[in-house]
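**Q** Sharing a structure, written as structure tokens. Questions coming.
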Protein chains: 2
Amino acid sequence: MQISVIRLGHRVGRDLRTTTHVSLTSRALGANEIILCGEHEPQIEKTVQSITERWGGEFYITYSSNWKKTLREKQKNGFTLVHSTMYGEPIQKIAKKLQTKRKICIVVGAEKVPWEVYQIADYNISVTGQPHSETAALAIILHELQKGKELRKKFSNAKLRIVPQKKGKKVLQL
Amino acid sequence: MQISVIRLGHRVGRDLRTTTHVSLTSRALGANEIILCGEHEPQIEKTVQSITERWGGEFYITYSSNWKKTLREKQKNGFTLVHSTMYGEPIQKIAKKLQTKRKICIVVGAEKVPWEVYQIADYNISVTGQPHSETAALAIILHELQKGKELRKKFSNAKLRIVPQKKGKKVLQL
């Protein structure tokens with residue numbers, strides 16, 4: 001399954017850490033790319049590229065100044081658009097259907113999401129109807145789409161790799 | 001299953017948003033309480049209490065100025081201490097064992113976690129060995145511990161409740 005993530009409405013400074021977390025969660029949990037929209041804060045791309053360089057795998061982070069065009073293009077290219085929102089249909093009802101798709105693009109908002117996103121999206125899905133965190137919601141969506149297989153993903157060409165330990169830390173320098 | 005979360009090493013200002021997200025994720029995904037450690041920022045407790053009041057359910061948020069004592073107390077009270085760390089054993093290997101426990105306390109770090117935490121913890125577990133987000137890792141751990149049942153949790157005495165929609169938003173005022 002090919003997975004893209006689109007982060008909407010980034011605000012410089014205020015969202016620096018959460019957008020970085022959304023990006024790194026996308027990478028760690030099996031997405032192939034993230035496209036950042038809203039205000040442009042190049043520091044995030046640098047941070048995520050540097051992590052990809054050291055920790056391996058193929059992951060692309062880019063910026064788009066036109067989110068609507070980017071959403072439409074993804075749809076035209078055969079991606080199913082899944083908008084993560086607490087107002088949508090429960091992930092546990094939709095997961096099976098989504099697992100059969102070849103290309104999925106998950107849309108994650110920061111500030112208030114424009115109503116058109118709800119219209120353009122093929123699915124509006126919720127991870128509980130409770131207020132919590134877009135990073136947590138994204139993690140559960142990625143996990144459900146890939147049935148947990150993302151947890152065993154290998155990251156090629158890594159310079160650093162952790163060897164799991166019961167106690168303590170072990171990092172290989174490759 | 002009774003689930004507590006302990007947030008270690010909060011830093012005023014810098015971690016305001018992530019600690020709030022960790023707290024709200026704990027609440028939304030089925031934990032019973034969170035105990036905040038590190039620097040004290042009462043605004044977080046107010047925010048989370050106000051959300052619990054409006055969105056329902058029983059969820060407790062408290063502050064402890066002595067994390068070590070708090071960890072030891074949980075252990076003494078029969079909680080299995082699970083430390084979320086990228087250096088630990090993969091969640092997918094440990095999940096089955098943890099699902100049989102009656103009381104689990106998940107420890108989530110902010111800044112660098114003291115080495116004693118790795119020693120005190122009954123399990124150090126990782127959600128991938130990749131750098132990403134403590135909120136995402138917590139979400140996956142809560143999801144795996146409860147086998148996805150947390151997504152259907154009912155929140156009693158709610159003043160607000162979302163009715164899931166294919167498009168748009170519907171919130172009931174109860």
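**Q** Quick one: how many residues across the stretch B:90-104 are basic (Lys, Arg) and closer than 19 Å to A:LEU151 by Cβ?
**A** Within the stretch B:90-104, residues that are basic (Lys, Arg) and closer than 19 Å to A:LEU151 by Cβ number 3.
**Q** While we're here: In the stretch A:1-50, what residues are among the small types (Gly, Ala, Ser), more than 20 Å from A:ILE104 (Cα to Cα) and touching a Leu at 6+ places or on another chain (Cβ under 8 Å)?
**A** Correct list: A:GLY38 only.
**Q** Could I ask something else about it? Those residues that are crowded, with 16+ Cβ neighbours inside 10 Å and either closer than 28 Å to A:LYS149 by Cβ or in contact with a Lys or Arg (Cβ under 8 Å, 6 or more places away or on another chain) (or both), I need them from the stretch B:105-119; list them, please.
**A** Of everything in the stretch B:105-119, those that are crowded, with 16+ Cβ neighbours inside 10 Å and either closer than 28 Å to A:LYS149 by Cβ or in contact with a Lys or Arg (Cβ under 8 Å, 6 or more places away or on another chain) (or both) turn out to be B:CYS105, B:ILE106, B:VAL107, B:VAL108, B:GLY109, B:ALA110, B:TYR118.
**Q** Still on this structure: Please verify whether A:LYS167 is part of a loop (DSSP other than H, G, I, E, B), of a type outside the set (Asp, Glu) and touching a helix residue (DSSP H, G or I) at 6+ places or on another chain (Cβ under 8 Å), treating the condition exactly as stated.
**A** yes
**Q** Quick one: A:LEU142 ticks every box in (1) in a loop (DSSP other than H, G, I, E, B); (2) out of contact with any strand residue (DSSP E or B) (no Cβ under 6 Å at 6 or more places or on another chain) except a single one, so which number is it?
**A** (1)
**Q** Applying the selection to the stretch A:62-94, what residues are in contact with a Cys (Cβ under 6 Å, 6 or more places away or on another chain) and of a type in the set (A, V, I, L, M, F, W, C)?
**A** A:TRP67, A:PHE79, A:LEU81 - these are the residues of the stretch A:62-94 that are in contact with a Cys (Cβ under 6 Å, 6 or more places away or on another chain) and of a type in the set (A, V, I, L, M, F, W, C).
**Q** Next question, about the same structure. For A:LYS74, all conditions in the list (1) open to solvent by less than 20 Å² (accessible area, probe 1.4 Å); (2) farther than 16 Å from A:LEU142 by Cα hold save one; what is the number of the exception?
**A** Here A:LYS74 meets the rest and fails (1).
**Q** Please state which of the following conditions A:LYS93 fails to meet, knowing it meets all the rest: (1) among the basic types (Lys, Arg); (2) surrounded by 19 or more Cβ atoms within 10 Å (Cβ to Cβ); (3) without any contact (Cβ under 8 Å) to a residue 24 or more places away in the chain.
**A** Here A:LYS93 clears every test but (2).
**Q** Out of the stretch A:74-123, which residues are β-branched (Val, Ile, Thr) and away from every other protein chain (no Cβ under 11 Å)?
**A** Those that are β-branched (Val, Ile, Thr) and away from every other protein chain (no Cβ under 11 Å): A:THR80, A:VAL82, A:THR100, A:ILE104, A:ILE106, A:VAL107, A:VAL108.
**Q** Further question: Mind checking whether some residue in the stretch A:124-133 is open to solvent by 50 Å² or more (accessible area, probe 1.4 Å) and either under 27 Å from A:LEU8 (Cα atoms) or touching a helix residue (DSSP H, G or I) at 6+ places or on another chain (Cβ under 6 Å) (or both)?
**A** Scanning the stretch A:124-133, I find no residue that is open to solvent by 50 Å² or more (accessible area, probe 1.4 Å) and either under 27 Å from A:LEU8 (Cα atoms) or touching a helix residue (DSSP H, G or I) at 6+ places or on another chain (Cβ under 6 Å) (or both), so the answer is no.
**Q** Yes or no: the stretch B:160-171 includes at least one residue that is β-branched (Val, Ile, Thr), under 21 Å from A:THR135 (Cα atoms) and open to solvent by less than 10 Å² (accessible area, probe 1.4 Å).
**A** No - not one qualifying residue is present in the stretch B:160-171.
**Q** Something else about it: If only one of B:ILE44, B:ILE61, B:ILE3, B:ILE91 is within 27 Å of A:LYS167 (Cα to Cα), at pLDDT 95 or above and touching a helix residue (DSSP H, G or I) at 6+ places or on another chain (Cβ under 6 Å), which one is it?
**A** Going through B:ILE44, B:ILE61, B:ILE3, B:ILE91 in turn, just one is within 27 Å of A:LYS167 (Cα to Cα), at pLDDT 95 or above and touching a helix residue (DSSP H, G or I) at 6+ places or on another chain (Cβ under 6 Å): B:ILE91.
**Q** Continuing with this model, one more query. Got a sec? Which of A:LEU71, A:LEU29, A:LEU24 is more than 20 Å from A:LYS154 (Cβ to Cβ) and touching a helix residue (DSSP H, G or I) at 6+ places or on another chain (Cβ under 8 Å)?
**A** From the options A:LEU71, A:LEU29, A:LEU24, the qualifying one is A:LEU71.
The values are calculated or read from the model by the stated rules, or taken from the named source; none is laboratory data. The structure presented is a predicted model; accordingly, all values stated were derived computationally and were not measured. Note that we place each Cβ from the backbone using ideal geometry, even for glycine, and neighbour counts take in every protein chain shown. Calculation scope for accessible area: heavy atoms of the full protein, side chains included, ligands and nucleic acids excluded. Shrake-Rupley method; radii C 1.70, N 1.55, O 1.52, S 1.80 Å.
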